[in-house]
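Here the structure is laid out as structure tokens; the discussion comes afterwards.
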Amino acid sequence: MSYSKPKFKEKYANFINGEFVAPVGGEYFENTSPIDNSLIAKYPRSQQVDVDNALDAANAAKEAWGNTSAAHRASLLNKVADIIEANLEEFALVETCDNGKAIRETLNADVPLAIDHWRYFAACIRAEEGTVSELDQHTLSMNIKEPLGVVGQIIPWNFPLLMLSWKLPPALATGNCVVLKPAEQTPSSATLLMEKIADVFPPGVVNVIHGFGPEAGKPLASSSKVNKVAFTGETTTGQLIMQYASKNLNPVTMELGGKSPNIFFNSVMDADDAYLDKAIEGAVLFAFNQGEVCTCPSRILVQEDIYDKFMEKVIERTNAIIQDNPYDTNTMMGAQASNDQFEKIQSYFKIGKEEGAKVLTGGEANKLSGDLANGFYIKPTLLEGHNKMRVFQEEIFGPVACVTKFKDEAEAIEIANDTLYGLGAGVWTRDAHQLYQIPRAIKAGRVWVNCYHAYPAHAPFGGYKKSGFGRENHLMMMNYYRQTKNMLISYDKNKLGFF
Amino acid sequence: MTRVEITDKASEIVRQLKAKHGELIFHQSGGCCDGSSPMIFEKEDMYLDESDIHLGDVEGIPFYMNKDQYEYWKHTHLTIDITQGRGGSFSLEIPLGLRFIIHSRLLNEAEQSFFKSN
């Protein structure tokens with residue numbers, strides 16, 4: 001089945017204090033679809049003043065919102081989930097148009113997962129309780145979690161609605177107000193969501209501003225009117241945001257990407273069965289979302305005695321990927337999100353080849369026909385080489401996996417950890433000891449064991465090393481949006497006796 | 001000999017940005033999304049110290065990279081170029097609808113021995 005480009009208005013607005021508001025300066029930018037480079041719509045090119053207006057609205061709303069009951073907040077989060085679910089196809093289509101990813105993924109992954117995150121945090125905030133300790137016969141220590149106040153959230157373009165749904169629900173569930181800036185490449189699904197849920201929250205609780213990083217992102221990240229900044233992106237911007245936060249003595253959480261190893265031990269080929277089939281797919285998951293995933297399994301490590309046979313199957317499966325019109329449900333891989341990504345990936349092909357990497361498949365752009373000829377398509381690519389090559393060390397953020405072999409467990413661990421990053425990793429083996437010991441030895445925040453690219457709301461996600469800090473998903477996420485009020489209560493009628 | 005160069009097209013954008021913002025620096029990013037691209041900022045915007053390697057100047061402005069990242073990059077020569085695009089960072093060229101990108105090549109033998117002895 002094939003869909004077509006959804007209809008958009010000519011231009012959209014920021015969502016501030018419960019209303020759609022034009023940018024004060026009256027400037028807009030044109031947002032295009034990477035599928036065919038056609039215009040989607042105009043979005044506000046916000047400036048400091050727009051950001052300040054949103055922050056003022058959020059600050060005005062925070063007292064009342066922070067004092068609402070958990071039951072009330074949970075019911076509103078559930079309402080949002082129901083609204084997205086009732087409009088699942090529309091959200092999927094808008095997301096595909098704006099980001100370029102295949103509709104198969106937005107229908108079955110992005111949007112359903114987004115819905116579940118809203119429901120998960122609605123459930124968490126109801127089920128959770130504070131803690132109390134009787135310190136001695138007369139003294140009670142009571143810990144109450146209080147919201148931080150106003151949170152600034154800057155989200156990326158690779159999973160626009162899903163990343164929004166990772167960040168908004170825990171902040172709102174815990175009683176914070178939010179000013180969120182979507183990536184300028186993908187402002188559409190956040191805008192559609194605000195249109196659908198405009199009346200759900202009290203004015204000022206959720207605010208969305210559009211614009212460019214230096215003009216709108218920086219004022220948000222550096223404002224003294226926010227109490228916390230959450231960011232997903234790259235290291236330099238991460239460092240800048242931490243600098244700004246240090247001026248305001250604000251907490252931050254950072255998710256800054258990775259270069260995730262996906263390790264295949266020789267036992268995966270002990271039998272030609274369903275598990276081997278799953279492992280082959282596990283290797284080919286580098287092409288999921290065109291490789292535009294922070295945890296893209298972009299380094300495939302294969303034990304040397306199965307290398308040739310295993311890679312033969314991986315190459316075959318990679319070559320079977322259908323890359324075509326993203327609106328077609330048969331398409332497995334769509335377009336890269338923007339021209340600069342498209343160019344960057346190709347410049348990595350060049351340096352990879354120059355460093356001696358062998359192209360096992362792909363290694364070039366994919367010129368599609370018709371209107372799609374203007375889109376940004378890269379063939380799924382496997383490069384064979386060694387771990388010191390730059391293509392093995394840098395996040396290409398494209399459908400590119402770099403393949404190398406290892407001798408034994410020690411070498412697998414050494415290669416896996418020889419990276420600046422530590423976000424995700426995959427371990428594939430039928431050996432019960434390796435199943436536990438190898439993941440423990442890998443310095444990464446998430447190790448998938450005999451699976452990959454699963455992102456349930458119930459499992460914490462975040463990085464080691466230069467991949468950042470703080471966790472997302474899971475109920476522990478809520479504490480990143482709260483502070484602890486300790487009430488120390490004395491039931492003793494007698495004085496200390498000091499004075 | 002240089003470790004980093006810039007194309008004429010990219011130079012022209014740097015000059016435009018300089019006229020608007022004053023003194024600037026480049027910092028090479030790593031990681032997710034818009035990472036692995038050079039970012040351009042006002043000079044005072046980013047705190048730099050000995051953990052940032054100064055690779056050279058292009059169009060009169062210094063180019064830096066974090067030293068951990070540099071360890072993996074030091075055998076390559078970099079050329080800053082500019083392309084159509086819309087990165088999601090705080091880099092100053094983004095409102096122009098442009099993005100700086102890096103083209104890399106291996107250092108040749110002469111360059112390698114030059115940088116070893118200097």
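We did not get these values from a lab; they are worked out from the coordinates using the rules stated. Quick caveat, the model's predicted, so the values are computed rather than measured. When we count neighbours, we look across all protein chains shown, and the Cβ atoms used for this are built from the backbone with ideal geometry, even at glycine.
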>> Let me check against my output: what whole-number percent is the relative contact order of segment A:169-237, with C-alpha pairs under 8 Å and at least 6 apart?
In response: 33 percent
>> Bins of 20 Å, beginning at zero and ending with the bin holding the largest distance: percent of Cα pairs per bin for the protein assembly as shown, please.
In response: 20, 53, 24, 3, 0
> One-quarter of the Cα convex hull surface for segment A:202-275, in nm²?
Replying inline: 9.4 nm²
> Between A:D328 and B:E12, what is the FRET efficiency for a Förster distance of 51 Å, r being their Cβ-Cβ separation, to the nearest 0.05?
Replying inline: 0.80
> Tilt of helix B:8-21 relative to the longest C-alpha principal axis of chain B, in degrees (0 to 90, nearest 10)?
Replying inline: 50 degrees
> Given Cα pairs under 8 Å that are at least 6 residues apart, what percent is the relative contact order of chain A?
Replying inline: 19 percent
>> Just to be sure I understand: of the beta bridges DSSP finds with both ends in segment A:352-476, what percent are antiparallel, rounded to 5?
In response: 45 percent
> Expressed as an acute angle from 0 to 90° and rounded to the nearest 10, what is the orientation of the C-alpha long axis of helix A:188-197 relative to the principal long axis of chain A?
Replying inline: 40 degrees
>> How large is log10 of I(q)/I(0) for chain B at q = 0.14, 0.19 Å⁻¹ when the intensity is taken from the Debye formula with one equal scatterer per alpha-carbon?
In response: -0.56, -1.04
> Counting alpha carbon pairs within less than 8 Å and at least 6 residues apart, what relative contact order, in whole percent, applies to segment A:225-328?
Replying inline: 26 percent
> Where does the Debye-calculated log10 I(q)/I(0) of segment B:60-109 sit at q = 0.18, 0.28, 0.30 Å⁻¹, using only Cα point scatterers of equal weight, no solvent?
Replying inline: -0.73, -1.10, -1.13
>> Through the Karplus equation 6.51 cos²θ - 1.76 cosθ + 1.60, θ set to phi - 60°, convert the phi angles of segment A:13-26 into ³J(HN,Hα) values in whole Hz; use x for Gly and Pro.
In response: 10, 6, 10, 10, 6, x, 10, 7, 10, 5, x, 4, x, x
> Which cross-chain or sequence-distant (5 or more) residues have an amide H under 5 Å from the amide H of A:F29, H modelled 1.01 Å from N in plane?
Replying inline: A:Y43, A:R45
> Check B:N66: other-chain or 5+ apart residues with amide H under 5 Å from its amide H, H built from backbone geometry?
Replying inline: B:Q28, B:I53
> With each run of n ≥ 4 DSSP H residues scored as -39500 (n - 2.57), what mean residue ellipticity at 222 nm is computed for chain B after dividing by its residue count and rounding to the nearest 500 deg cm²/dmol?
Replying inline: -7500 deg cm²/dmol
> Put +1 on the Cβ of every Lys and Arg and -1 on every Asp and Glu Cβ in chain B; which of B:G97, B:F115, B:V14 then has its Cα farthest towards the positive end of the dipole?
Replying inline: B:G97
>> Give me the Å³ per residue figure for the convex hull around the C-alpha atoms of segment A:162-207.
In response: 70 Å³
> Which whole-angstrom value gives the distance between the alpha carbon centres of segment A:203-268 and segment A:357-405?
Replying inline: 27 Å
> How many percent of DSSP beta bridges within chain A run antiparallel, rounded to 5?
Replying inline: 45 percent
> Which whole-Hz couplings ³J(HN,Hα) result when phi for each residue of segment A:243-250 is put into the Karplus expression 6.51 cos²θ - 1.76 cosθ + 1.60, θ = phi - 60°, listed in order with x for Gly and Pro?
Replying inline: 4, 4, 5, 5, 5, 9, 6, 9
> For the Cα atoms of chain A, what angle does the longest principal axis make with the long axis of helix A:432-441, in degrees from 0 to 90, nearest 10?
Replying inline: 60 degrees
> What list of ³J(HN,Hα) values in whole Hz, one per residue of segment A:446-455 in order, does the Karplus curve 6.51 cos²θ - 1.76 cosθ + 1.60 (θ = phi - 60°) give from phi, with Gly and Pro shown as x?
Replying inline: 9, 10, 7, 10, 6, 6, 7, 6, 9, 10
>> Rounded to two decimals, what is the ratio between the C-alpha radius of gyration of segment A:230-366 and 2.2 N^0.38 Å?
In response: 1.30
>> With +1 on the Cβ of every Lys and Arg and -1 on the Cβ of every Asp and Glu, and nothing else charged, how large is the dipole of chain A about its Cα centre, in debye rounded to the nearest 20?
In response: 1200 debye
>> Which one, A:Q483, A:V447, A:W428, projects farthest toward the positive side of the charge dipole computed for segment A:345-499 from Cβ point charges (K/R +1, D/E -1)?
In response: A:Q483
> Taking amide H positions as placed 1.01 Å from N in the peptide plane, with prolines and chain starts having none, which residues 5 or more places from B:L98, or on another chain, fall under 5 Å of its amide H?
Replying inline: B:G85
> What are the principal axis extents of the Cα atoms in segment A:455-499, in Å, biggest first?
Replying inline: 56, 23, 13
>> Starting from the Kirkwood Rh over alpha-carbon pairs, what translational D in µm² s⁻¹ does segment A:1-100 have by Stokes-Einstein at 4 °C and 1.567 mPa s?
In response: 80 µm²/s
> Given A:I115, A:V151, A:G130, which one lies farthest toward the positive end of the charge dipole of segment A:75-211, if we put +1 on the Cβ of every Lys and Arg and -1 on the Cβ of every Asp and Glu?
Replying inline: A:V151
> Using only Cα atoms, what is the ratio of the radius of gyration of segment A:65-114 to 2.2 N^0.38 Å?
Replying inline: 1.43
> Taking the Cα atoms of segment A:374-499 alone, what are Rg (to one decimal) and Dmax (as a whole number) in Å?
Replying inline: 22.7, 82
> Taking a temperature of 20 °C and a viscosity of 1.002 mPa s, what whole-number D in µm²/s does Stokes-Einstein yield for segment A:152-264 with Rh from Kirkwood over alpha carbon pairs?
Replying inline: 146 µm²/s
> So, counting K/R as plus one and D/E as minus one, what does the shell of residues with Cβ under 10 Å around A:K485 add up to?
Replying inline: +1
> So how far, in whole Å, is the C-alpha centre of segment A:1-56 from the one of segment A:291-307?
Replying inline: 38 Å
> What length, rounded to one decimal in nm, is gained on full extension from A:S267 through to A:M142, with 0.36 nm per residue of separation minus their alpha-carbon distance?
Replying inline: 39.8 nm
